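First the structure, in the form of structure tokens, and then the observations on it.
The values are calculated or read from the model by the stated rules, or taken from the named source; none is laboratory data. None of the values given here were measured: they were computed from a predicted structure. Positions of Cβ are generated from backbone atoms using ideal geometry, with glycine treated the same way; all protein chains shown enter the neighbour counts. For the accessible areas, the whole protein counts, side chains as well, though only heavy atoms, and no ligand, DNA or RNA atoms are used. Shrake-Rupley method; radii C 1.70, N 1.55, O 1.52, S 1.80 Å.
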Amino acid sequence: MTKLISTNHPLNLLNTFGISATTKLFYEFKDIQSLKEILANNIIKNEQIFILGGGSNILITKNFDGIVLKNSIEGIKIISEDRDNVSVEVGSGVNWHEFVLWSVSKNLSGIENLALIPGLVGASPMQNIGAYGVEVKDTISKVYFIDIKSRLEKNLTDKQCNFSYRNSIFKSKLKDKVIITKVIFKLSKHNLNNISYGAISSELESLKKDASCQTICEAVINIRSRKLPDPKYLGNSGSFFKNPVISTKKFEELKIKFPNIIGYQHSEKHTKIAAGWLIEKAGWKGFKEGNVGVYKKQALVLVNYGGAKGEHILKLSRKIQKSILSKFKIKILPEVNII
Ligand code: EPU
């Protein structure tokens, strides 16, 4: 086991921002048993632990002085089914998009709108990933995890996960306390055809295809590839900021000054504002300074043009936050985890 722990391990290929940094210790686990063993190992007793998935939602600002545990628990398996639904158990280290492609290849519906989201299955409940009118919480029935302190395997039902917009119990009460090992999804044998999100139906029209889980998946892949940069070619971590939720009263006031501001009803008294619109209106879209910038097609995405340090991206993000606060009196917060 100790032989498999590497020291001063590079992280540049393990984060989609492509930031160069190292971790003091590094270990990759492929199953629950080896995860339990490493957690019991003396070598990590006093070390800070960081669980790394696909590295698609992190900004590394300095070398990590602890142990990075890389999740590589694989496996997709159908565990039960009835007339309408299929329950699928998926290892937390499975690539999310691979799982989406698997589901549509089996004619199972529910996650096709979430195609091409980078990262691993284990991160999907953590931040309740969402896109094009669907959130993953609607398909999750159970999440299994290891409690780091006791090393016991536990699970929570979807209700107990406290899912909300880009949030869950794993980002709040259980943050840094557990490691997600597998997720049980409930997928539908019938096409759910969630095409309420404008761009999907127009994309299907231009493809001249009727809605099904396969065609929606194809439409989403097309839309995302046009609007979001591929980290293989341009370092980024998707939306850098969350869309802020403000009171509908404040939204109505802002609308007087900025009639084109984009907001969606979030709850009875709250409105979710498109942060991309705010950032664009504040003049940041396409901004470039040194090796960092704001993506020219989606202002919510910050990019590394090559060789940037995490602190450069962090600095730019703070400038953007400040400018949004002064122009709109709205606080925007990062969606990515800054480490
Ligand atoms: N907009 C602008 N300027 C921009 C970007 C967006 O005016 O530069 C406007 C758009 O025209 C649109 C509205 O803002 O009217 C919303 O934009 P978009 O549909 O692109 O979605 P988003 O709110 O910017 C969210 C998610 C994305 C997800 C898309 C599609 C968050 C933080 N982001 O972005 O998720 O793909 O919806 O559903 O909720 C991610 O989390 O990494 C991510 C990419």
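Could you compute how much accessible surface Phe258 exposes when probed at 1.4 Å, giving the result in Å² to the nearest 10?
30
Cα centroid distance between segment 132-202 and segment 218-292, in Å?
Taking the Cα centre of each part, segment 132-202 and segment 218-292 sit 23 Å apart.
In deg cm²/dmol, rounded to 500, what helix-only [θ] at 222 nm does the chain give when every DSSP H run of at least 4 residues adds -39500 (n - 2.57) and the total is split over its residues?
On the way: 8 runs with 84 residues, N = 339.
Roughly -7500 deg cm²/dmol at 222 nm, from the helical runs in the chain.
How big is the equivalent ellipsoid of segment 61-105 along its three axes, where each semi-axis is √(5λ) from the Cα gyration tensor, reported in whole Å from largest to smallest? Kindly include the intermediate steps, with their values, before the conclusion.
Values: eigenvalues 208, 27, 12 Å².
Semi-axes (√(5λ), whole Å): 32, 12, 8.
Of all accessible surface on the chain at a 1.4 Å probe, what whole percent is carbon and sulfur?
On the way: 8370 of 16760 Å².
Within the chain, the accessible surface is 50 percent carbon and sulfur.
Need one value: the accessible area of Ser326 in square angstrom, 1.4 angstrom probe, rounded to the nearest 10.
Answer for Ser326: close to 80 Å² accessible.
List the chymotrypsin sites (Phe, Trp or Tyr not before Pro) within segment 216-305 that fall in a DSSP loop (any state other than H, G, I, E or B) and whose Cβ has at most 14 other Cβ atoms within 10 Å. Before the final figure, lay out the partial values.
Working: sites: Tyr233, Phe240, Phe241, Phe251, Tyr264, Trp277, Trp284, Phe287, Tyr295, Tyr305; in loops: Tyr233, Phe240, Trp284, Phe287, Tyr295, Tyr305.
Loop-located and lightly packed - Tyr233, Tyr305.
Pick out, in residue order, every one of the GluC sites (Glu not before Pro) in segment 249-339 that is DSSP loop and has at most 15 other C-beta atoms within 10 Å; say none if there are none. Can you show the working numbers first?
On the way: sites: Glu252, Glu253, Glu268, Glu280, Glu289, Glu311, Glu335; in loops: Glu268, Glu335.
Answer in residue order: Glu268.
With a 1.4 Å probe and all protein chains left in place, how much accessible area per residue does the chain have, in Å²? Could you put the intermediate results ahead of the total?
Values: 16760 Å² over 339 residues.
With the other protein chains kept in place, the chain gives 49 Å² per residue.
Could you work out the relative contact order of the chain? I mean the mean sequence separation of Cα pairs under 8 Å and 6+ apart, divided by the number of residues, in percent. It would help to have the intermediate numbers written out before the result.
On the way: 709 pairs, mean separation 55.4, N = 339.
Value for the chain: 16 percent.
Report, in cubic angstrom per residue, the convex hull volume of the C-alpha atoms of segment 267-307.
Numbers: hull volume 2.9 nm³, N = 41.
Spread over its residues, the Cα hull of segment 267-307 gives 72 Å³ apiece.
Say the cut-off is 29 Å between C-alpha atoms; which of Lys177/Lys232; Lys208/Lys281; Lys30/Lys186; Lys106/Lys272 go over it?
Those over the limit are Lys177/Lys232; Lys208/Lys281; Lys106/Lys272.
Which residue fluctuates most in the GNM of the chain (Cα springs below 10 Å): Gly75, Gly53, Gly235?
Most flexible of the set in this elastic network: Gly75.
Hey, what's the Kirkwood Rh for segment 60-187 if you take every pair of different alpha carbons, in angstrom? Walk me through the numbers on the way to the answer.
On the way: mean 1/r = 0.0663 Å⁻¹.
One over the average 1/r among Cα pairs gives 15.1 Å for segment 60-187.
For the residue pair Ile43 and Asn291, what label-to-label distance in nm results when each label sits 7 Å from Cα along the Cα-to-beta-carbon direction?
A separation of 3.0 nm, rounded to one decimal place.
Do you know the relative contact order of segment 76-188, to the nearest whole percent, from alpha carbon pairs under 8 angstrom that are 6+ apart? If you can, show how the numbers build up before the last one.
Values: 228 pairs, mean separation 35.7, N = 113.
Dividing the mean separation by the residue count of segment 76-188 yields 32 percent.
P(r) for segment 169-277, please, calculated from all Cα pair distances in 10 Å bins and given in %.
11, 23, 34, 28, 4
Could you calculate the FRET efficiency of His190 with Glu153 from 1/(1 + (r/R0)^6), where r is the beta carbon distance between them and R0 is 35 Å, rounded to 0.05?
On the way: r = 33 Å, r/R0 = 0.94.
Efficiency at R0 = 35 Å is approximately 0.60.
Just to confirm the filter: which trypsin sites (Lys or Arg not before Pro) across segment 243-303 are DSSP coil and have at most 15 other Cβ within 10 angstrom of their Cβ?
Working: sites: Lys249, Lys250, Lys255, Lys257, Lys269, Lys272, Lys281, Lys285, Lys288, Lys296, Lys297; in loops: Lys269, Lys285, Lys296, Lys297.
Within segment 243-303, the qualifying trypsin sites (Lys or Arg not before Pro) (loop, at most 15 other Cβ atoms within 10 Å) are Lys269, Lys296, Lys297.
At 7 Å along the Cα-to-beta-carbon direction for both Tyr197 and Asn167, put a label point, then send me their distance in nm to one decimal.
2.1
Which whole-number percent is the relative contact order of segment 187-256 (Cα, under 8 Å, 6+ apart)? Numbers along the way, then the final one.
Working: 29 pairs, mean separation 15.3, N = 70.
Rounded, it is 22 percent for segment 187-256.
Taking Cα centroids, how far is segment 28-43 from segment 61-123 in Å?
21
What aspartates and glutamates could a cross-link reach from Lys257, if we take a straight Cα to Cα line under 15 Å and drop same-chain neighbours fewer than 8 places away?
Candidates past the 8-residue exclusion: nothing left.
What helices does the chain hold that run 20 Å or longer along their axis, going by alpha-carbon atoms, with a Kyte-Doolittle average of -0.5 or more, using DSSP H for the helix calls?
Working: long enough: 213-227 (21 Å, -0.03); 310-328 (27 Å, -0.28).
Span-like helices, by this rule, are 213-227, 310-328.
For segment 29-121, just say rounded, prolate or oblate: build the C-alpha gyration tensor, square-root its eigenvalues into a ≥ b ≥ c, call rounded for a/c under 1.5, and beyond that prolate if a/b exceeds b/c, oblate if not.
Numbers: a/c = 4.16, a/b = 1.81, b/c = 2.30.
Oblate shape, in that a/c is at least 1.5 and b/c is the bigger or equal ratio.
Rounded to whole Å and sorted largest first, what semi-axes of the equivalent ellipsoid does the C-alpha gyration tensor of the chain yield via the square root of 5 times each eigenvalue? Before the final figure, lay out the partial values.
Details: eigenvalues 199, 152, 70 Å².
Equivalent ellipsoid semi-axes, largest first: 32, 28, 19 Å.
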